[in-house]
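Worksheet: the structure to be examined is printed underneath.
No value in this document is a laboratory result; all are computed from the given coordinates. Remember, predicted model here, so these are calculated numbers, not experimental data. Cβ sites come from the backbone with ideal geometry, for glycine too, and all protein chains shown count toward neighbours.
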Amino acid sequence: MLRQASRLLACRPKLAARARPFSTDLPAADQTADATFTEAWSKVIPNLDPPKTPLSFMQPRPPTPSSIPSKLTVNFVLPYASALATKEVDMVIVPATTGQMGVLPGHVATIAELKPGVLSVHEGNEVTKYFVSSGFVFIHANSFADIIAVEAVPLDQLDANLVQKGLAEFTSKLSSATTDLEKAEAQIGIDVHSALNSALTG
Amino acid sequence: MAMAALRREGRRFAPLISPRPITAVRSSPIAPTHEDEGPIGVRYISTQVVRNRMKSVKNIQKITKAMKMVAASKLRAVQTKAENSRGLWQPFTALLGDLPSVDVKKSVVVTISSDKGLCGGINSTSVKISKGIHKLNSGPEKETKYVILGEKAKAQLIRDSKKDIELIITELQKNPLNYTQVSVLADEILKNVEFDALRIVFNKFHSVVSFVPTVSTVLSPEIVEREAESGGKLGDLDNYEVEGGETKGEILQNLAEFQFSCVMFNAVLENACSEQGARMSAMDSSSRNAGDMLDRLTLTYNRTRQASITTELIEIISGASALEG
């Protein structure tokens, strides 16, 4: 056990050395947020190093430029992968709850919730389409768009027969549902499958 | 007379046994209970005890080496998942910032730990950090509660903070970790626990030998509104137009819940990686220790064996010279 302690102590200076590359990336503003926390921590718990916070692990975002940039930078993330990471595109069309929303560079800062539908990414002449189950999109003033979806598949991986079967199944479930919870679940199933249907046909 | 000779021989052999804390071996010349491959009446030190010890240490070495291999393969599997999920929490931090020093009335510390042991000090570190945050956020009108994931943190926190624990969840890794499971978990926590700020304490995986204790803060929608109105870090939030929904509050509520489940997912994966990595290095140092111990025991064994051969030779020779002379 003492050996572990000495190894951990030996590891600490290594961590400090590794943390230094991050600290050069951070602008002063982020460091003050951590500074109040680290100060408060060291007052109350002097023996332990304060824990790190997510800000120290993130690349800072560029500030809002004075003129509208030509390209939109898109981050499209899913729980299992980052489908697009800081990709520069011309336009994305997202399926917000209020309808299909087109996002161009210089779009006003917005937070929107997504409903099941098709997300299309326009880059030059190519258009990539994904079916998105739901999630959120944040559009920042500096022409950065973050799309966070729970599940997304490229349209060519969808099977039309299974979609029809699913739609029929959920419609029957809705008619046979008794409790509110079952009705809500069946309704969600119907919404997703009809969106899938229209994505495949439209 | 024979007894005196035996006693003398016993005392002569005692210093030959190395002064290591192998008490079992030291006791054998004093208690002549193990007679080993020789005619009755010939006294020499038994190697049986040392041999038994060597066998058990060798088995321990094999087991810890195997555990290290298993941990390495599990680490490979979880590491890709964890690295892919790292993009998930970054948009939320970019939008809402990170306010670990926010002043709230009710904070809930979600401590993530492992169920199984033998993984080094990562669980103790998480618990120490959680207790530190509890201390940091306690004061008049402020209270901090715990939500515990994992057996190891439960064992440590139940001892002194039993009344502050709201929820305990164990056996998280019975099935491979996936987002659905974690979102159900997040839902449970959100339903049953009142909070103004959730602080998730976990070990972030940097590399196989380095795990950084990290705390991620998720604020409830009311606090987000409060901080946005008061300006400061979240002051820009009001500039964002909110699409859809009836009210801004509804969207912010969904946002906070989604943020919590995403941050939890990443935290649970990173902690699983750290657990496997810590177990790998713990088992590695353990098998190295066992190897060292085996070397020392081998030396002792050889010394004992050679001493007994020398004794036999001395007895034979002195017997022969007694006959002649």
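Counting only strands (runs of 3 or more DSSP E) wholly contained in the stretch A:49-96, the ones carrying 3 or more residues that are facing chain B (nearest Cβ under 7 Å) and of a type in the set (Gly, Ala, Ser) occupy A:81-89. Pairs meeting the criteria (first residue in the stretch A:172-193 and assigned to a helix (DSSP H, G or I), second residue of a type in the set (Lys, Arg), beta carbons under 8 Å, at least 6 apart or on different chains) are A:LEU174/A:LYS183; A:GLU182/A:LYS173; A:GLU185/A:LYS173; A:ALA186/A:LYS173; A:GLY189/A:LYS173; A:ASP191/A:LYS115.
If you filter the stretch A:60-116 down to residues that are over 20 Å from B:THR93 (Cα atoms) and acidic (Asp, Glu), you find that the one that is farthest from the chain's Cα centre (by Cα) is A:ASP90.
State yes or no: is B:GLU194 over 30 Å from A:GLN59 (Cα atoms), under 20 Å from the mean Cα position of the chain (by Cα) and not aliphatic (A, V, I, L, M)? Judged against the criteria, B:GLU194 is not a match. Condition check for B:LEU99 on (1) within 13 Å of chain A (Cβ to nearest Cβ); (2) surrounded by 15 or more Cβ atoms within 10 Å (Cβ to Cβ); (3) within 29 Å of A:ALA152 (Cα to Cα): one failure, at (3). Against the test of being aliphatic (A, V, I, L, M), more than 14 Å from chain A (Cβ to nearest Cβ) and either exposed (fewer than 14 other Cβ atoms within 10 Å of the Cβ) or more than 20 Å from B:LEU198 (Cα to Cα) (or both), the options B:LEU75, B:LEU177, B:LEU118, B:LEU149 yield a single qualifying residue, B:LEU75. B:VAL78: touching a residue at least 60 places away in the same chain (Cβ under 8 Å) and within 30 Å of B:LYS163 (Cβ to Cβ), yes or no? No; evaluated as a whole, the condition is false for this residue. The residues listed here are B:ARG288, B:ARG279; of these, the one that is crowded, with 20+ Cβ neighbours inside 10 Å, charged (D, E, K, R) and under 30 Å from the mean Cα position of the chain (by Cα) is B:ARG279.
Against the numbered list (1) of a type outside the set (A, V, I, L, M); (2) over 19 Å from the mean Cα position of the chain (by Cα); (3) more than 30 Å from B:LYS135 (Cα to Cα), A:PRO46 comes up short only at (3).
Checking the stated criteria, A:SER143 turns out to be over 20 Å from B:GLY244 (Cβ atoms) and buried (at least 21 other Cβ atoms within 10 Å of the Cβ).
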